[in-house]
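The values are calculated or read from the model by the stated rules, or taken from the named source; none is laboratory data. The structure presented is a predicted model; accordingly, all values stated were derived computationally and were not measured. When the accessible area is computed, the model is the full protein with side chains, heavy atoms only, and any ligands, DNA or RNA have been set aside. Shrake-Rupley method; radii C 1.70, N 1.55, O 1.52, S 1.80 Å.
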Amino acid sequence: MLIFLGASITIVGLLIVLAQKSGSSGWFGWFGRLPLDINIQEENFRLYFPLGSSIVMSIILSIVIGFINKLFR
């Protein structure tokens with residue numbers, strides 16, 4: 001289980017590095033700019049609250065963890 005977890009973290013890390021090198025319009029260019037992401041910028045104040053991105057990540061992680069749970073039962 002630990003080997004699988006380590007390999008998964010490594011793969012996710014490599015995907016993030018590749019996404020950063022491909023620019024903002026790459027694989028994850030949509031992430032952080034979803035409809036429910038709140039971005040308020042004023043002169044001396046900036047607020048970024050990624051509500052939509054958090055919901056998407058929660059759904060994706062729930063599916064992945066459910067799949068892993070069924071895989072190891």
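The rows are residues; the columns are (1) modelled with pLDDT of 75 or more; (2) within 13 Å of the chain's Cα centre (by Cα); (3) open to solvent by less than 100 Å² (accessible area, probe 1.4 Å); (4) not hydrophobic (A, V, I, L, M, F, W, C).
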{"position": "9", "(1), (2), (3), (4)": "yes, yes, no, no"}
{"position": "29", "(1), (2), (3), (4)": "no, yes, yes, yes"}
{"position": "35", "(1), (2), (3), (4)": "yes, no, no, yes"}
{"position": "40", "(1), (2), (3), (4)": "yes, no, yes, no"}
(message) Every residue in segment 43-73 that is open to solvent by less than 80 Å² (accessible area, probe 1.4 Å) and not in a helix (DSSP H, G or I), please.
(response) 47, 50
